[in-house]
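Please treat every number below as a calculation from the coordinates, not as lab data. Since the model is a prediction, treat every value here as computed from it, not as a measurement. FYI the Cβ positions are ideal-geometry reconstructions off the backbone, even for glycines, and counts take in every protein chain you see.
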Amino acid sequence: MTLSVENLTINNQAQPLFAPVSFTIQPGEVVALMGPSGCGKSTLLSVIAGHLSAAFNFQGTVQLEQRDVLSLTPDQRNIGIVFQDDLLFPHLTIRENLIFGIPKSHDHKLRITKANQTLAALGLSALADKMPNEVSGGQRARISLMRMLLSEPKAVLLDEPFSKLDKALRQEFREFVFEQIAQRKIPALMVTHDDDDIPPNGRVMRWPWHNAAQHQEAESC
């Protein structure tokens, strides 16, 4: 699965937010998108996901597995999103939150089994019947990510997913996220302001965006 963006630009009325940008993300790869506030990072993610505000318009193409996604509704695109906040449903238990993410095309008993297996793999089986407000922020972050992955997305968008975590937890969760994406061979585009969020030897697009260059530890923002 590859995610390809070609000659994409976004306009606020008649004013373009950025020059046309093109890039391709390979299966299991995370490309970091960096730039100042207001340059259009999260708006670009909204175009790919299909949630662009009516205040904007765009030109260009976005393909997933060589299939145009811009003509599809958001729920048809099979693109998962992870935000700064975990967005777990507060009225559902941890297990029920995971079950909600699993496609309803699966038998209900299988969905329960998948949720339980996921909790076991995370070492969080004891949390199955707890509510989101009864578990830690790091645990909620893991559950939120796994709920998204259980929906079987073909690409992932990460909108500053680590910014609200403390430093120690941020490092641990970051490694967990990249490992999950690599294992599932899903292309991922990540918006971040922090160089530490860029995967080792990962590609990064720095403002003004032209291409996704290989990240070097000595490179400055």
Scan the stretch 19-111 for chymotrypsin sites (Phe, Trp or Tyr not before Pro) in coil per DSSP, keeping those whose Cβ has at most 14 other Cβ atoms within 10 Å, and list them by number. none
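What fraction of the DSSP beta bridges in the chain is antiparallel, stated in percent and rounded to the nearest 5?
55
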Using a 10 Å cut-off around each Cβ, can you sort Lys109, Lys41 from fewest to most neighbouring Cβ atoms? Lys109, Lys41
What residues have an amide H closer than 5 Å to that of Leu17, excluding those fewer than 5 places away on the same chain, when H is modeled at 1.01 Å from N in the peptide plane? Ile10, Asn11, Asn12
Please compare each pair in Lys114/Lys167; Lys41/Lys104; Lys41/Lys164; Lys41/Lys130; Lys109/Lys130; Lys104/Lys164 to a cut-off of 26 Å on the Cα-Cα distance and tell me which ones are over it. Lys114/Lys167; Lys41/Lys104; Lys41/Lys130; Lys104/Lys164
With a cut-off of 8 Å between alpha carbons and a minimum separation of six or more residues, what is the relative contact order of the chain in percent? 31
A correct Karplus calculation of ³J(HN,Hα) over the stretch 8-19, with 6.51 cos²θ - 1.76 cosθ + 1.60, θ = phi - 60°, whole Hz and x for Gly and Pro, returns 8, 9, 10, 10, 9, 6, 9, 9, x, 6, 7, 5
Rounded to whole angstroms and listed largest first, the alpha-carbon spread of the chain along its three principal axes comes to 50, 40, 29
